[in-house]
Amino acid sequence: MKTLLIITSIILLSFQIDRLLVTNLSDASEEIPSLTNVFSIHESLASIKVANSNVKALVRVDEINPGALTLKSAPGRIEKSRPAKVKAGMNRFDRINTKNSLSHHNLKQSGKYLELSTLLFDFDQYEKIETEEFNTILQFADMLIFDESLKISIAGFTDNTGNAEYNKKLSLLRAENIKDYMLDLGVNESRIIISANGISYPAASNKTDEGRTANRRVEMLLIP
């Protein structure tokens, strides 16, 4: 009987020990990962570490300081934008007119022309042409049409009465009026040179009526 009790006690003790071992192992399995899981975690961490070593650190856009940014300009010189300056001086008409006026005066002074004729105008008048004056215009036109190598310089003038700027415009009207006659008679426009001289190059003194009458004129120079 005693022996039976000892054997029963040993069996119960073994059962208790087995129960305790099973319970402890179960708890340990919940807190400690398996070896397989541990190896998987280490491999993942190693892969991430290697990948990160080949990737540059990313910077948040909102952390960039705008003042630290610099822009490289395109190659070549870039002109600074500035208002264009308009050079003071004569316009195109004034330049051409000055050239034609000086050329007419120099030709007249040098005598290097074929014919010279002067047409007179009344005070502040530029259109009225008398029969004799028209005949002179017709003769010049005939010579220009007959010989295409010839040109004509038509220069308008005024006396010194009134505003100088107005007189320059009036002298231009007188020269253009004669040019219109030439065109109507068949002369090619490219062979006609006109200039407005105003009160410049007076033919006589403006101190007398006779002198002022002589200065209200158009000069026609037939040139080779």
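So which residues in the stretch 118-133 are more than 48 Å from the chain's Cα centre (by Cα), closer than 14 Å to R217 by Cβ and not hydrophobic (A, V, I, L, M, F, W, C), if there are any at all? Of everything in the stretch 118-133, those that are more than 48 Å from the chain's Cα centre (by Cα), closer than 14 Å to R217 by Cβ and not hydrophobic (A, V, I, L, M, F, W, C) turn out to be D122, E130, E133.
Being small (G, A, S) and surrounded by fewer than 18 Cβ atoms within 10 Å (Cβ to Cβ) is not true of A155. For E115, state whether it is in contact (Cβ under 8 Å) with a residue 60 or more places away in the chain, farther than 16 Å from L102 by Cα and open to solvent by 70 Å² or more (accessible area, probe 1.4 Å). So E115 fits the description; yes.
Just one of the listed residues (L102, L144) is closer than 30 Å to S205 by Cα, modelled with pLDDT of 95 or more, assigned to a helix (DSSP H, G or I) and of a type in the set (A, V, I, L, M, F, W, C), namely L102. Total residues in the stretch 177-205 satisfying the condition of being assigned to a loop (DSSP other than H, G, I, E, B), open to solvent by less than 30 Å² (accessible area, probe 1.4 Å) and among the polar types (S, T, N, Q): the figure is 1. Return the residues of the stretch 119-140 that are within 20 Å of P202 (Cα to Cα) and open to solvent by less than 70 Å² (accessible area, probe 1.4 Å); say none if nothing qualifies. Within the stretch 119-140, L119, F121, Q125 meet the criteria. As a summary of the residue check, F146 satisfies the conditions (1) more than 14 Å from R216 (Cα to Cα); (2) crowded, with 19+ Cβ neighbours inside 10 Å except for the one numbered (2).
Among residues of the stretch 119-131 that are touching a residue at least 60 places away in the same chain (Cβ under 8 Å), those with a beta-carbon under 7 Å from a residue that is surrounded by fewer than 17 Cβ atoms within 10 Å (Cβ to Cβ) and in a loop (DSSP other than H, G, I, E, B) at least six positions away or on a different chain give the pairs D122/K128.
The values are calculated or read from the model by the stated rules, or taken from the named source; none is laboratory data. Given the structure is predicted, the values throughout are model-derived calculations rather than measurements. Counting neighbours? That spans all protein chains shown, and the Cβs are built from the backbone with ideal geometry, glycine included. The area values use the complete protein model at the heavy-atom level, side chains included, leaving out ligands, DNA and RNA. Shrake-Rupley method; radii C 1.70, N 1.55, O 1.52, S 1.80 Å.
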